[in-house]
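Working notes for the structure below.
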Amino acid sequence: MTEAFTEPGDIEAFGRLQERLGDIYRDVFPNPLMPRTVLIVPSLSLDPEVLARIDGVRHYEERMLCLLLLLRMPETRVIYVTSGPIDEATIDYYLHLLEGVPHRHARERLTLLNCQDMSDRALTAKILERPRLMKRIGDAIGDKSASHMVCYTVSEIERRLALELDLPIYGCDPKLLPHGSKSGGRKIFREAGVLMPDGFEDLESEKDIIDSLVELKRRDPQLRRAVVKYNEGFSGEGNATFDFEGCPETGLEAWIAAHLPQMDFGAHDLDWDIYRGKFAEMGGIVEAFVDGENKRSPSAQFRIDPAGHVEAISTHDQVLGGLTDQEFLGALFPADEAYRLEVQAEGMKAAKALASKGVLGRFAVDFISVPEETGWKHYAIEINLRKGGTTHPFIMLQYLTDGIYDSATGLFNTPQGEQRCYYATDNLASDGYRGLLPEDLIDIAVRNGIHFHGATQTGVVFHLIGALSEFGKLGAVCVGRSRQDAEELYRAMVAILDRECAHR
């Protein structure tokens, strides 16, 4: 099978198929007792060279296991497809989080399928190459009039899969994905009147980068740094920081050209030659680096439903690190009360602009925020038209507690009116954790009393468990009654893992 996944008529056919989602949303979604099937395809259909720089990236397909909690609805069936098999102990772990649902009842409604292929290619491409697997998926779906697909991102590959299976996707039409690129995001911000860093989009070459850096410095002689970004980079992996320190007043263009190879690259094992080639392939932007003491990186999440309604669903303070402090490491929910509603309001402007263009599903708007004498100033920097690092932790919190996000306060409350917060990470890693099996991790959590308790609705839920033994890496959502509680629980969890692994 070739790598061309778009056939003549696909765009129009997909548009017609997606119309069915409106009926499902109206007739099936509101009633938890209505029979339905949800096909989950957690394919990271993104640039493979960028993905390859993330340790254990193939196990990121496990991040959407939080959607197994859909099985709390007694007539719902879930089909979960992955590249390789998921350890049964991990599946058992998630099913035991289903409050009030017998394990066997949930397990009988869950179909796990895999490609037996852990290569670097996108999961969806692997599925399309396996007609017998496609048939098993189709047979498991049953009544397609009440069924839909959920994906990590919706590219042309997922569109082709949807058409082959005759199943709509609750997600953004791939023809709209350019709005979520770095260049597209800047255009949306400009259209919506949202403040963003000074910069340039739709760049294609090394010369474009040089010209943009020259113009930024000329506009602001005090500018210390600028950021170069791939259009389709994520988690900071496509970002590079340019430092203007020592630049001359004359001959600026030649000086910048000579210093591009010395940029600080956000990814490991990346140099200017590799970066330049990928930039020419993807295109990208250049924008001013936002400086400031006590700088924060909040993010606001939204959902546009099939009826076109825009809903604010959460805010987070992102935890960044890595070589240039631009790599996504985790998130604290909710964002700081000093600005969470401001960030939500600014993000809503962009969300409404996206809704007017037909965007569907969950997405995030990221900011850089700096304090000033008159309050916080928020610069929009990115739109993620896909499920990201802040998506699965919030879904987990919702399903575990049956709570509701109050957009008027920016807080999440349980049915009993109690506040819940969390600290979440996808990047808890240590060489000392290598060799831990899923059952070892679960045993450590239970014996030390940090596993999630349904009665108190606090505790730790792990994910990315499959990456633990080989890569010493896992994710966690630490749920507490306050942001401080959540952070303290995270630190306690790390201390417990470190102690347990030091003595094994």
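The values are calculated or read from the model by the stated rules, or taken from the named source; none is laboratory data. Please read these numbers as outputs of a predicted model, since none were measured by experiment. Reconstructed Cβ throughout: ideal geometry from the backbone, glycine too, with neighbour counts over all protein chains shown. When the accessible area is computed, the model is the full protein with side chains, heavy atoms only, and any ligands, DNA or RNA have been set aside. Shrake-Rupley method; radii C 1.70, N 1.55, O 1.52, S 1.80 Å.
Laid out as a table, the results:
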| item | result |
| --- | --- |
| Residue check, R16 outside any loop (DSSP other than H, G, I, E, B), closer than 30 Å to I274 by Cα and open to solvent by 10 Å² or more (accessible area, probe 1.4 Å) | no |
| Subset of segment 426-452 [open to solvent by 20 Å² or more (accessible area, probe 1.4 Å) and part of a loop (DSSP other than H, G, I, E, B)] | S430, R434, G435, L437, N448, G449, F452 |
| Every pair of residues 6+ apart whose Cβ atoms lie under 6 Å, when the first sits in segment 407-430 and is in contact (Cβ under 8 Å) with a residue 40 or more places away in the chain and within 15 Å of R481 (Cα to Cα) while the second is crowded, with 22+ Cβ neighbours inside 10 Å and of a type in the set (V, I, T) | G410/T315; R420/V479; Y422/V477; Y422/V479; A424/V477 |
| Count of residues meeting criterion [open to solvent by less than 20 Å² (accessible area, probe 1.4 Å) and either part of a strand (DSSP E or B) or of a type in the set (S, T, N, Q) (or both)] in segment 392-411 | 1 |
| Residues (surrounded by fewer than 20 Cβ atoms within 10 Å (Cβ to Cβ) and not charged (D, E, K, R)) located in segment 291-305 | G292, N294 |
| Those helices (runs of 4 or more DSSP H) lying entirely in segment 42-140 with at least 2 residues open to solvent by 10 Å² or more (accessible area, probe 1.4 Å) and more than 25 Å from A429 (Cβ to Cβ) | 103-108 |
| Meets criteria (buried (at least 24 other Cβ atoms within 10 Å of the Cβ) and over 15 Å from T390 (Cβ atoms)) for L354 | yes |
| First in segment 105-126 and hydroxyl-bearing (S, T, Y), second anywhere and not in a strand (DSSP E or B), Cβ under 6 Å, 6 or more apart | T111/A140; T124/S43; T124/S45; T124/I157; T124/E158; T124/L161 |
| Given (1) among the aliphatic types (A, V, I, L, M); (2) modelled with pLDDT under 95; (3) surrounded by 24 or more Cβ atoms within 10 Å (Cβ to Cβ), number of the condition V365 does not satisfy | (2) |
| Failed criterion for Q344 (all others in (1) modelled with pLDDT of 95 or more; (2) touching a Gly at 6+ places or on another chain (Cβ under 7 Å); (3) surrounded by fewer than 21 Cβ atoms within 10 Å (Cβ to Cβ); (4) within 24 Å of S181 (Cβ to Cβ) hold) | (3) |
| Counted residues, segment 236-264 - those being hydroxyl-bearing (S, T, Y) and loosely packed, with under 13 Cβ neighbours inside 10 Å | 1 |
| Condition met for G233 (assigned to a loop (DSSP other than H, G, I, E, B), open to solvent by less than 50 Å² (accessible area, probe 1.4 Å), on the phi < 0 side of the Ramachandran plot and of a type in the set (G, A, S)) | yes |
| Considering residues of segment 122-158 that are of a type in the set (D, E) and over 23 Å from R26 (Cα atoms) only, the residue farthest from the chain's Cα centre (by Cα) | D139 |
| So A455, is it out of contact with any strand residue (DSSP E or B) (no Cβ under 9 Å at 6 or more places or on another chain), in a loop (DSSP other than H, G, I, E, B), modelled with pLDDT under 95 and open to solvent by 10 Å² or more (accessible area, probe 1.4 Å) | yes |
| Residue satisfying all of: in segment 193-227; touching a Leu at 6+ places or on another chain (Cβ under 8 Å) and β-branched (V, I, T); nearest to T250 (Cα to Cα) among these | V214 |
| Search result, residues across segment 279-290 that are charged (D, E, K, R) and buried (at least 18 other Cβ atoms within 10 Å of the Cβ) | E287 |
| Filtered residues of segment 445-504 (kept if polar (S, T, N, Q) and in contact with a Cys (Cβ under 7 Å, 6 or more places away or on another chain)) | S482 |
| Matching residues, segment 104-143, being basic (K, R), in contact with a helix residue (DSSP H, G or I) (Cβ under 8 Å, 6 or more places away or on another chain) and either closer than 17 Å to L167 by Cα or at pLDDT 95 or above (or both) | R107, R109 |
| Of all residues making up segment 155-193, the number that are open to solvent by less than 10 Å² (accessible area, probe 1.4 Å) and either of a type in the set (A, V, I, L, M) or free of Cβ contacts under 8 Å to residues at least 24 places away in the same chain (or both) | 6 |
| Close pairs (9 angstrom Cβ cut-off, 6 or more residues apart or separate chains): more than 13 Å from L260 (Cα to Cα) in segment 213-242, part of a helix (DSSP H, G or I) and polar (S, T, N, Q) anywhere | N231/S183 |
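Here's the yes/no breakdown for (1) out of contact with any His (no Cβ under 7 Å at 6 or more places or on another chain); (2) of a type in the set (V, I, T); (3) closer than 25 Å to G56 by Cα; (4) assigned to a helix (DSSP H, G or I):
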{"site": "A424", "(1), (2), (3), (4)": "yes, no, yes, no"}
{"site": "E488", "(1), (2), (3), (4)": "yes, no, no, yes"}
{"site": "V494", "(1), (2), (3), (4)": "yes, yes, yes, yes"}
{"site": "R499", "(1), (2), (3), (4)": "yes, no, yes, yes"}
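A quick yes/no check of all residues on (1) in contact with a helix residue (DSSP H, G or I) (Cβ under 9 Å, 6 or more places away or on another chain); (2) open to solvent by 10 Å² or more (accessible area, probe 1.4 Å):
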{"residue": "G459", "(1), (2)": "yes, no"}
{"residue": "L468", "(1), (2)": "yes, no"}
{"residue": "G472", "(1), (2)": "yes, no"}
{"residue": "A476", "(1), (2)": "yes, no"}
{"residue": "G480", "(1), (2)": "yes, no"}
{"residue": "R483", "(1), (2)": "no, yes"}
{"residue": "A486", "(1), (2)": "no, no"}
{"residue": "R491", "(1), (2)": "no, yes"}
{"residue": "R499", "(1), (2)": "no, yes"}
